[in-house]
Amino acid sequence: MLRWLFQFLYGSTHVRFASAVSVQESIARLAAVVNPSIWTFSNKRAMGLVSDKKVRIQRGLPLIGGAFRPILYGSFSATGTGCVLEGAFRIPTIPRVFMTIWFALIAFITLSAAVEALAVSTSRFLAISIEGLGLLSLGVLFVWVGKWSSRNDIPWLTHHIAHALGTSGVEIRGARPDL
């Protein structure tokens, strides 16, 4: 159960895009389809940063945010026949930190209250345990809804990145665990 929760919150999808062109040409191609602004008002866009040091791309939908939208964090490296963009799609840091604090606080409060209630009465212990499990379940539901709302982002971004780099072969490892 704990392993599933850890993968659910912190799991990532690793990707590898091989391109037959140079690193500089790949950066130029990808930068041409990635909007550097985080605001989009007209259509779906890939948004983020593309440079020789790092790549950070996410899908942008008009007037819709999403804290649980996966972001591709990666970098380019040269190979003998061109270059490779390697990275991982994962939830941004702030939502992961927030949910970690949420789960830790709920678990701590529930455990401490349950231990105290156990000394008083069994029925109070059961009530506190059920309340704590309910709040933990609410947190899992919150993350699930956030991930569900962005379920098409990884395939959409993978397609657009592969198209921009002119590659048909994309390696994907470690799919995001869902409920």
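Points to keep in mind about this one:
- Looking across the range 156-179, the residues that are within 22 Å of Ala20 (Cα to Cα) and either at pLDDT below 80 or within 13 Å of the chain's Cα centre (by Cα) (or both) come down to Leu157, Ser168, Gly169.
- A single member of Arg151, Arg96 is within 15 Å of Pro70 (Cα to Cα), under 16 Å from the mean Cα position of the chain (by Cα) and part of a loop (DSSP other than H, G, I, E, B), and it is Arg151.
- Residue in the range 65-78 that is charged (D, E, K, R) and under 30 Å from Glu171 (Cβ atoms) present: yes
- Qualifying positions in the range 101-158 - touching a strand residue (DSSP E or B) at 6+ places or on another chain (Cβ under 6 Å) and among the aromatic types (Phe, Trp, Tyr): Trp156
- Against the conditions (1) of a type outside the set (Val, Ile, Thr); (2) surrounded by 14 or more Cβ atoms within 10 Å (Cβ to Cβ); (3) under 14 Å from the mean Cα position of the chain (by Cα); (4) modelled with pLDDT under 90, Leu72 satisfies every one except (4).
- Selection count where residues are of a type outside the set (Val, Ile, Thr), surrounded by 11 or more Cβ atoms within 10 Å (Cβ to Cβ) and either in contact with a helix residue (DSSP H, G or I) (Cβ under 7 Å, 6 or more places away or on another chain) or not in a helix (DSSP H, G or I) (or both), scope the range 110-130: 7
- Filter pass, Ser121 being in contact (Cβ under 8 Å) with a residue 12 or more places away in the chain, out of contact with any Asp or Glu (no Cβ under 9 Å at 6 or more places or on another chain) and farther than 25 Å from His14 by Cα: no
- Residue among Val50, Val55, Val23 that is under 17 Å from Asp153 (Cα atoms) and either touching a Phe, Trp or Tyr at 6+ places or on another chain (Cβ under 6 Å) or at pLDDT 90 or above (or both): Val55
- The range 26-47 - residue that is surrounded by 12 or more Cβ atoms within 10 Å (Cβ to Cβ) and over 17 Å from Gly166 (Cα atoms) and, of those, modelled with the lowest pLDDT: Thr40
- Hey, Leu135 modelled with pLDDT under 85 and either surrounded by fewer than 18 Cβ atoms within 10 Å (Cβ to Cβ) or part of a helix (DSSP H, G or I) (or both) or not: no
The values are calculated or read from the model by the stated rules, or taken from the named source; none is laboratory data. The structure presented is a predicted model; accordingly, all values stated were derived computationally and were not measured. Neighbour counts run over all protein chains shown; Cβ positions are idealised from the backbone, glycine included.
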